[in-house]
1. Roughly how many nanometres apart are two label points built 7 Å out from the Cα toward the Cβ at residue 175 and residue 75?
2. Calculate the FRET efficiency for residue 231 and residue 149 from the Cβ-Cβ distance with a Förster distance of 35 Å, rounded to the nearest 0.05.
3. What does the extension gain come out to for residue 239 and residue 208, with contour length at 0.36 nm per residue minus their alpha carbon separation?
4. GluC sites (Glu not before Pro) within the stretch 66-110: which are DSSP loop residues with at most 13 other Cβ atoms inside 10 Å?
5. List the residues whose amide H sits under 5 Å from the amide H of residue 70, counting only those 5 or more places along or on another chain, with H placed 1.01 Å from N in the peptide plane.
6. Near the amide H of residue 95, under 5 Å away, which other amide H atoms are found, from residues 5 or more places off or on another chain, if H is placed in the peptide plane?
7. Where the only charges are on Cβ atoms (+1 Lys, Arg; -1 Asp, Glu), what is the dipole of the chain about its Cα centre, to the nearest 20 debye?
8. Could you give the nm distance between label points at residue 68 and residue 52, where each point is 7 Å from its Cα heading toward the beta carbon?
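Values in this text are rule-based calculations from the coordinates and carry no lab data. Computed from a predicted model, the values in this text were never measured in an experiment. Here the Cβ is made from the backbone with ideal geometry for all residues, glycine too, and neighbour counts use every protein chain on show.
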Amino acid sequence: MKMIRSAVLLSAIAAVPATQADVLGFGASIGYWDSDLSGKAAKGGDEVNVENELDLSNNTEANLSAFLEHPIPLLPNVRLSYVKIDQTGRGELGTGFDNIPAGAEVDSSLDWRQTDLTLYYEVLDNWVNLDLGLTARDLDAELNVASVLGQPASSTEVDAVVPMGYAAARFDLPLTGVSVGVNGNVISYSGDSVYDYDVYGQYAVAGVQLRAGYREMAVDYEDGDDRLDIDIGGPFASVGFSF
C-alpha cells in the first residue's frame, strides 16, 4: 500500500521522551456514535454522492476499545479499538454509475469495519495527560449499489492497513472527576489521507468513566479503480472502566 511507506515519517514520534505508569493499568469502554455520512464513492471514472443520491442512513454501530498500561521502561503501552458501521438507503442516481443508468432507483448499503492497534507512550501523566504513538489501522469498507429492478449492481471496496500518527490529550479538573480531552489519528500521503478525531467531556467516579462528545472521521483513499472520499461525523456517548 502507498501509505505504508509513510510509516518511516511517523516513526519519529516514537523518539519522544516518555514517562511510564507506576503500576499495571487496564481499561475498556463501549459506546454509541450517532453518525451522519457525506462524500463520494468512485468506480473507474464514475462517481456517486453517498448522501444526496444514495440517501444512506445509520442502522447499526459498535464502538469498542481497551488499553493496557505498564511500568516497563521503553516498551510502549497498547490500545485496541474497533468500529462497526452499517448504513442502508434507497435513492436515485443523478448520473450513471458503473453500468447503472442515470435516474435508476437503487438500494445501497455501506459495510464499514475498522480495527486499530495503537502503541503509545505517556509523555505527561498528571492533571495534564498527553500520549503520543503510532496506530496501525485495518480498514475494510464496502459500498454496494444495486438497481431495485435487479441487475446491474456495483460494489466499491477499500481494504487496507494504514499507519497513522496518534495523539491523545486530557485535562483533569482536580478533585472533581471532571475532565475534557481530545484524541486523534492522522496520515496523508501521495493524494490519500485518513484522519479521525474526537473531543469529549468526561466524569469519572470509582473507576467508571462516563463520556460524551463529538467524533469525526474522514477517508480519502484509492484502492485500484475503487475510491472512497467519505466523511462520517456526529455525537457519541460511552461508558468505560479502568483500574
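1. Taking the two extended label points, one gets 3.8 nm.
2. Details: r = 31 Å, r/R0 = 0.87.
Efficiency at R0 = 35 Å is approximately 0.70.
3. Numbers: separation 31, 0.36 × 31 = 11.16 nm, distance 0.73 nm.
Gain on extension, residue 239 to residue 208, equals 10.4 nm.
4. none
5. For residue 70, whose amide H was placed from the backbone, the distant partners under 5 Å are 21, 25.
6. Here the answer is 103, since their amide H atoms fall under 5 Å of that of residue 95.
7. Working: 13 positive and 37 negative charges, 193 e Å.
Its charge dipole is roughly 920 debye.
8. 4.9 nm
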